[in-house]
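The values are calculated or read from the model by the stated rules, or taken from the named source; none is laboratory data. Keep in mind that what you see is a predicted model, and the values were worked out from it rather than measured. All Cβ positions, glycine included, derive from the backbone under ideal geometry; neighbour counts span all protein chains shown. The area values use the complete protein model at the heavy-atom level, side chains included, leaving out ligands, DNA and RNA. Shrake-Rupley method; radii C 1.70, N 1.55, O 1.52, S 1.80 Å.
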Amino acid sequence: QVQLVESGGGSVQPGGSLRLSCVASGSILSIRTMSWYRQAPEKQRELVAAVTSGYSTNYADSVKGRFTISRDNAKSTVYLQMNSLKPEDTAVYYCYADVLSRPSYAFSQYWGQGTQVTVSS
């Protein structure tokens, strides 16, 4: 079984920064795309940023230039550096990974439990 555990959420004033981390653990053989999604109250979950195993990245237009996604394949970890935070960034942030693991030897998709990010003065 594979688990994703996020950390780094919290409360920050507008213009501040936070860094989220997500560690994947279990019988992992390989991880393809790792992503961050977010869901604000009464809104649908949306993709924030994604990074492939080859380190290609893509971002939601709303976070381009402010957020940076990165990963450490050796540690099965993905990060989201969030700068110049705005109140509209307030949401629960979820980690997502596409993982090849034992005993299935097939790719399956996993989600973390979510971490709250609140941007408010």
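Select, from ARG32, ARG19, ARG38, the only residue that is open to solvent by 70 Å² or more (accessible area, probe 1.4 Å), basic (Lys, Arg) and within 12 Å of the chain's Cα centre (by Cα).
On inspection, the qualifying residue turns out to be ARG19.
Kindly indicate whether VAL5 is modelled with pLDDT of 95 or more and open to solvent by 70 Å² or more (accessible area, probe 1.4 Å).
yes
Looking at (1) surrounded by 22 or more Cβ atoms within 10 Å (Cβ to Cβ); (2) of a type in the set (Ser, Thr, Tyr); (3) in contact with a Gly (Cβ under 6 Å, 6 or more places away or on another chain), find the lone condition where TYR93 falls short.
Checking TYR93 against (1) surrounded by 22 or more Cβ atoms within 10 Å (Cβ to Cβ); (2) of a type in the set (Ser, Thr, Tyr); (3) in contact with a Gly (Cβ under 6 Å, 6 or more places away or on another chain), the one that fails is (3).
Taking the range 1-19, which residues are among the hydrophobic types (A, V, I, L, M, F, W, C) and in contact with a Cys (Cβ under 8 Å, 6 or more places away or on another chain)?
Passing the criteria: LEU4, VAL5.
Restricting attention to the range 66-90, and to residues there that are assigned to a loop (DSSP other than H, G, I, E, B) and hydroxyl-bearing (Ser, Thr, Tyr), which single residue is surrounded by the most Cβ atoms within 10 Å (Cβ to Cβ)?
Result: SER76.
Taking the condition of being touching a strand residue (DSSP E or B) at 6+ places or on another chain (Cβ under 6 Å) and without any contact (Cβ under 8 Å) to a residue 24 or more places away in the chain, how many residues in the range 68-115 meet it?
Qualifying residue count for the region: 3.
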